[in-house]
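Visitor: Following this message is one structure expressed as structure tokens.
The values are calculated or read from the model by the stated rules, or taken from the named source; none is laboratory data. If you're wondering where the values come from, they're calculated on a predicted model, not measured in any experiment. Please note: Cβ atoms are built from the backbone with ideal geometry, for glycine as well, and neighbour counts cover all protein chains shown.
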Amino acid sequence: MKSVLILLFTAVIACAGCASAYSVGNALPMDGHRAGRLTVTGSSTVAPLVTEIAKRFEQRHPGVRIDVQTGGSGKGITDTRVGVADIGMASRRLNPDETDLVAHPIAADGVGLIVHRSNPIEELSAERIVAIYTDEVNNWRDVGGDDRGITVVHKAEGRATLEVFLAHFNIDNTKVEADVLVGENEHAVKTVAGAIGAIGYVSIGTAEAAIEGGVPIRLLSLGGVEANTANIADGAFPMSRPLNLVTTDSPSPLALEFVRFCRSADVHDLIRAQYFVPRASDPDAEQ
């Protein structure tokens, strides 16, 4: 009887170990692959890229499932802090009050101003941009354009593009007079494309993809530098930013492995396909 009880106890322990292999965030060998689930939340700029990378990772590791959700960089950081997400996505640097988290850069991007394709304006000075967003100027004729009212498209709180834009032009967000408030980059692109007098700001990667797809918008130069991926890559464009994955200082093995994969040369083609700039590969990343 004692031997039977020992065998039953051993079986229970073994089953408990099997169950843990499928818990969120675990990464255990399973026929040469990994098994488990990850939740990734945050930046709508980073999400399309991470979604494509996740598909490739899942193909290599059929036992893994990765759920990618948007909501803004702020949400990704908060979700990671409280344990709702295994990994956050942030299209900005971490703030001084976020030192409890670790940023893992996977690519670089820029924030560019967009107008309707029919707008003759090629570039605006920083002073004029501030004047437009604070309603000191509300007609394009006052900045060298057509006699048409300006529709100011602005980002909602919690969006990294908002923070990058405000910091670059040193604008107090309470002073901004927005006509339209948007969340994701795609929403801003659609709004500007649908209103000839509109101006907004979005990820340059998102804007380039939209322009290539025939969406009637244009990117404005900034400080005499064209807003494009090439100028982000060589550091010439002034309003650039890192695209980060964010974790706690002790991420799960599966989360850490996925982060390393996102930082490897194996996904540079996916990064370029999203019109972002790959960073130097992590020497410890999966090849």
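Visitor: Does segment 94-111 contain any residue that is in contact with a helix residue (DSSP H, G or I) (Cβ under 6 Å, 6 or more places away or on another chain), over 30 Å from Pro253 (Cα atoms) and surrounded by 14 or more Cβ atoms within 10 Å (Cβ to Cβ)?
Guide: Yes, segment 94-111 has at least one match.
Visitor: If you don't mind, there's one more thing I want to ask. Please determine, by comparing only the residues of segment 182-199 that are under 17 Å from Ser73 (Cα atoms) and not small (Gly, Ala, Ser), which one is surrounded by the most Cβ atoms within 10 Å (Cβ to Cβ).
Guide: The selected residue is Asn185.
Visitor: List the residue pairs whose Cβ atoms are under 9 Å apart, where the first residue sits in segment 62-85 and is assigned by TED's automatic domain parsing to the domain that holds Leu256 and within 24 Å of Glu186 (Cβ to Cβ), the second is hydrophobic (A, V, I, L, M, F, W, C) and surrounded by fewer than 17 Cβ atoms within 10 Å (Cβ to Cβ), and the two are 6 or more positions apart or on different chains.
Guide: Sorted first by the residue in segment 62-85, then by its partner, the pairs are Gly72/Ala156; Thr78/Val84.
Visitor: Hey, another quick one. How many of the residues making up segment 153-174 are hydrophobic (A, V, I, L, M, F, W, C), out of contact with any Phe, Trp or Tyr (no Cβ under 6 Å at 6 or more places or on another chain), buried (at least 17 other Cβ atoms within 10 Å of the Cβ) and within 19 Å of Thr191 (Cα to Cα)?
Guide: 3
Visitor: Can you pull out every residue in segment 155-192 that is of a type outside the set (Val, Ile, Thr), in a helix (DSSP H, G or I), closer than 19 Å to Asp135 by Cα and free of Cβ contacts under 8 Å to residues at least 40 places away in the same chain?
Guide: Leu162, Leu166, Ala167, Asn173
Visitor: Within segment 209-253, which residues are within 30 Å of Asp86 (Cβ to Cβ), in contact with a helix residue (DSSP H, G or I) (Cβ under 8 Å, 6 or more places away or on another chain) and not polar (S, T, N, Q)?
Guide: Within segment 209-253, Ile232, Arg241, Leu243, Leu245, Val246, Pro251 meet the criteria.
Visitor: Here's something else I'd like to know. I'd like to know if segment 211-220 contains one or more residues that are within 20 Å of the chain's Cα centre (by Cα), modelled with pLDDT under 95, crowded, with 17+ Cβ neighbours inside 10 Å and assigned to a strand (DSSP E or B).
Guide: Taking every residue of segment 211-220 in turn, none turns out to be within 20 Å of the chain's Cα centre (by Cα), modelled with pLDDT under 95, crowded, with 17+ Cβ neighbours inside 10 Å and assigned to a strand (DSSP E or B).
Visitor: To continue, here is another question. With the requirement that a residue be free of Cβ contacts under 8 Å to residues at least 40 places away in the same chain and part of a loop (DSSP other than H, G, I, E, B), what does segment 224-244 give you?
Guide: Hits for segment 224-244 are Glu226, Asn228, Asp234, Gly235, Ala236.
Visitor: Additional query: Test of understanding: among Gly112, Gly88, which residue is under 29 Å from Val225 (Cβ atoms), of a type outside the set (Ser, Thr, Tyr), assigned to a strand (DSSP E or B) and modelled with pLDDT of 95 or more?
Guide: Gly112
Visitor: Please work out which residue is farthest from Val64 (Cα to Cα), limiting yourself to segment 221-271 and to residues that are of a type in the set (D, E, K, R) and surrounded by 15 or more Cβ atoms within 10 Å (Cβ to Cβ).
Guide: Among those residues, the one meeting the criterion is Glu226.
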